[in-house]
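The values are calculated or read from the model by the stated rules, or taken from the named source; none is laboratory data. Since the model is a prediction, treat every value here as computed from it, not as a measurement. Positions of Cβ are backbone-derived with ideal geometry, glycine not excepted, and every protein chain shown enters the neighbour counts.
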């Protein structure tokens, strides 16, 4: 389910120039924080009838050119590192060129499994839950976009909305799920830092 209408209050179009990066919808102070290496998070809770979504948008600048991040968008093994609490991620097929990826998140005590359809667009991916397949959450939708800042770095924008469904799972874990979901740009930055360290170990 593509929930563009739910993102209307928080979707930002990200533009860049040769001198700086600008994230539309963010304040000058938030843009300044981005340029200083901080992560900017805009959390969101949205309800429509019985549906309740949590998530939002998160922005971070990564110290790597955008072309270096392109393989990350297709590497399911890397997704295990950048998506929080991921116990497994495996490609199980495709529909019209979009990858189908079976995901399981959780801990030793609680897990949630579902299948995501992933659509690649240049330096971005969009994903949404395949509701025709078995799923332990009610719905999920989002995107990850990488854009050059003009100075050799990359702006990561991540948006996600998750409906965990009614019941005790939502009551106990909704806030944690939202916080963890919006940590993805930080995780991308850490992954890139670790990979650069492995390629160029300290002398």
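Against the condition surrounded by fewer than 16 Cβ atoms within 10 Å (Cβ to Cβ), modelled with pLDDT under 85, on the phi < 0 side of the Ramachandran plot and over 18 Å from the mean Cα position of the chain (by Cα), how does residue 94 come out, does it pass? So residue 94 fails the test.
Of the residues in region 137-173, how many are over 21 Å from residue 45 (Cα atoms) and over 10 Å from the mean Cα position of the chain (by Cα)? Residues in region 137-173 being over 21 Å from residue 45 (Cα atoms) and over 10 Å from the mean Cα position of the chain (by Cα): 10 in total.
Number of residues in region 34-60 that are without any contact (Cβ under 8 Å) to a residue 24 or more places away in the chain and closer than 15 Å to residue 153 by Cα: the value is 2. Could you grab me the full set of residues in region 148-172 that are out of contact with any strand residue (DSSP E or B) (no Cβ under 9 Å at 6 or more places or on another chain) and either modelled with pLDDT of 90 or more or assigned to a helix (DSSP H, G or I) (or both)? 152, 168, 171, 172 - these are the residues of region 148-172 that are out of contact with any strand residue (DSSP E or B) (no Cβ under 9 Å at 6 or more places or on another chain) and either modelled with pLDDT of 90 or more or assigned to a helix (DSSP H, G or I) (or both).
What tally of residues in region 174-198 results from selecting those that are at pLDDT below 85, surrounded by 14 or more Cβ atoms within 10 Å (Cβ to Cβ) and over 18 Å from residue 141 (Cα atoms)? Number satisfying all stated conditions: 1.
Being farther than 21 Å from residue 103 by Cβ and either surrounded by 16 or more Cβ atoms within 10 Å (Cβ to Cβ) or modelled with pLDDT under 90 (or both), is that true of even one residue in region 70-78? Within region 70-78, one or more residues are farther than 21 Å from residue 103 by Cβ and either surrounded by 16 or more Cβ atoms within 10 Å (Cβ to Cβ) or modelled with pLDDT under 90 (or both).
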